[in-house]
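Q: Mind looking over this structure? Questions follow.
The values are calculated or read from the model by the stated rules, or taken from the named source; none is laboratory data. Source: prediction; values computed, not measured. When we count neighbours, we look across all protein chains shown, and the Cβ atoms used for this are built from the backbone with ideal geometry, even at glycine.
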Amino acid sequence: MYQSQAGQEQMWVTCPECLGSGRLRVIMGDDSEVSIPCVCCERGYEGSPGRIQSYRFMACITEHTVTGVDAQTREGGLRVRYSFGCYSTEEENVFATRDEALLRANTLVSEHEAEEIKRLKYKEKQHRTWAWNVSYWRGVIRRAKEEITRAEARLAVAPKNPKEVDKADKINSETGKLSCI
Ligand SMILES: [Zn+2]
């Protein structure tokens, strides 16, 4: 019997978003530009290398001697598995002739390729994540700057009457203004 499989080989492709640079420039509403690591080819702690890991698929046919057949009824249908020694596979990937096996293997390759293209396309279109990244870090910077302004103001003005400062603080927090004391 012949078994059909889609063999795979790892390969690297240039990142379609940053074209290998690993960085993306984002233009904000006020025309300022920021540079962020490319989200498309990001690989955790490794950063953004500017390339994406992908796979090349190929039809793979292997000849085996069937050592066992296992049939089970599941969800109304009959599921058959063939055993080749200590290894087994589904009926749909086992054939009597090499030609039939090749046809099936080519279908498996097409299916895997379509899945891989979908995966890469999904990686490409993560603009929402980029936008989130940029606005998040700008928010962190803005809040830190406000914090610094407040801290500097506190150092510059030595309060003569701590009670009055407390009162002013309270008014400020009630009106929600970020004015200094
Ligand atoms: Zn990239």
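Q: Check whether at least one residue in segment 157-177 is farther than 30 Å from residue 8 by Cβ, at pLDDT 75 or above and of a type outside the set (Lys, Arg), and report yes or no.
A: Looking through segment 157-177, none of the residues is farther than 30 Å from residue 8 by Cβ, at pLDDT 75 or above and of a type outside the set (Lys, Arg).
Q: In segment 100-116, is there at least one residue being within 30 Å of residue 133 (Cβ to Cβ), surrounded by fewer than 15 Cβ atoms within 10 Å (Cβ to Cβ) and either within 16 Å of the ligand (Cβ to nearest atom) or of a type in the set (D, E, K, R) (or both)?
A: yes
Q: Just to be sure before I move on: is residue 65 polar (S, T, N, Q), away from the ligand (no atom under 16 Å from the Cβ), in contact with a Gly (Cβ under 9 Å, 6 or more places away or on another chain) and in contact (Cβ under 8 Å) with a residue 24 or more places away in the chain in the structure I sent?
A: yes
Residue-wise test of (1) in contact with a helix residue (DSSP H, G or I) (Cβ under 7 Å, 6 or more places away or on another chain); (2) modelled with pLDDT of 90 or more.
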{"residue": "40", "(1), (2)": "yes, no"}
{"residue": "46", "(1), (2)": "no, no"}
{"residue": "50", "(1), (2)": "no, yes"}
{"residue": "67", "(1), (2)": "no, yes"}
{"residue": "72", "(1), (2)": "no, no"}
{"residue": "75", "(1), (2)": "no, no"}
{"residue": "82", "(1), (2)": "yes, yes"}
{"residue": "91", "(1), (2)": "no, yes"}
{"residue": "94", "(1), (2)": "no, yes"}
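Q: In segment 9-58, how many residues are more than 14 Å from the ligand (Cβ to nearest atom), of a type in the set (Val, Ile, Thr) and surrounded by 11 or more Cβ atoms within 10 Å (Cβ to Cβ)?
A: Summing the residues that are more than 14 Å from the ligand (Cβ to nearest atom), of a type in the set (Val, Ile, Thr) and surrounded by 11 or more Cβ atoms within 10 Å (Cβ to Cβ) in segment 9-58 gives 1.
Q: Continuing with this model, one more query. Could you tell me which numbered condition residue 88 fails, if it satisfies all but one of (1) closer than 21 Å to residue 8 by Cα; (2) exposed (fewer than 15 other Cβ atoms within 10 Å of the Cβ); (3) over 25 Å from the mean Cα position of the chain (by Cα); (4) of a type in the set (S, T, N, Q)?
A: (2)
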